[in-house]
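Structure record follows, encoded as structure tokens.
The values are calculated or read from the model by the stated rules, or taken from the named source; none is laboratory data. Keep in mind it's a predicted model, so treat the numbers as computed, not measured. Virtual Cβ from ideal backbone geometry, glycine too; neighbours counted across all protein chains shown. Note: accessible area is taken over every heavy atom of the protein model, side chains too, but ligands, DNA and RNA are not part of it. Shrake-Rupley method; radii C 1.70, N 1.55, O 1.52, S 1.80 Å.
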Amino acid sequence: MRYFMWGVSARRWHLFKSATGVTVGQYVEKLRVEKAVHMLRQRVKVASIPRQCGLQSANQLRSLVKKHTGQLPKELTAR
């Protein structure tokens, strides 16, 4: 039995990873963090960013921003 997620076959997921070097989940996470970082640099209120970026909470925002940039959100807004 073939595995399907969101109507996409396992073969397509594999092709995506082969082409990009990352999984779809990792790619989406990176896009969300990039949007969040952009918003932080625009001085958008931290409390409103997670919802607008598809994240669950401010804690998740903090964790992912730190993971991807090595900096905390407050360090990015200080620039």
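Any residue at all in segment 66-73 that's charged (D, E, K, R), at pLDDT 95 or above and open to solvent by 60 Å² or more (accessible area, probe 1.4 Å)? There is at least one residue in segment 66-73 that is charged (D, E, K, R), at pLDDT 95 or above and open to solvent by 60 Å² or more (accessible area, probe 1.4 Å).
Conditions tested, residue by residue: (1) within 13 Å of the chain's Cα centre (by Cα); (2) modelled with pLDDT of 95 or more; (3) not hydroxyl-bearing (S, T, Y).
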site: Q26; (1), (2), (3): yes, no, yes
site: E29; (1), (2), (3): yes, yes, yes
site: R32; (1), (2), (3): yes, yes, yes
site: H38; (1), (2), (3): yes, yes, yes
site: S57; (1), (2), (3): yes, yes, no
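On the basis of being without any contact (Cβ under 8 Å) to a residue 40 or more places away in the chain and over 13 Å from the mean Cα position of the chain (by Cα), does L76 make the cut? Yes. Report, by residue number, each residue of segment 9-63 that is surrounded by 12 or more Cβ atoms within 10 Å (Cβ to Cβ) and not in a helix (DSSP H, G or I). Scanning segment 9-63 gives S9, V22, T23, V44, G54, L55.
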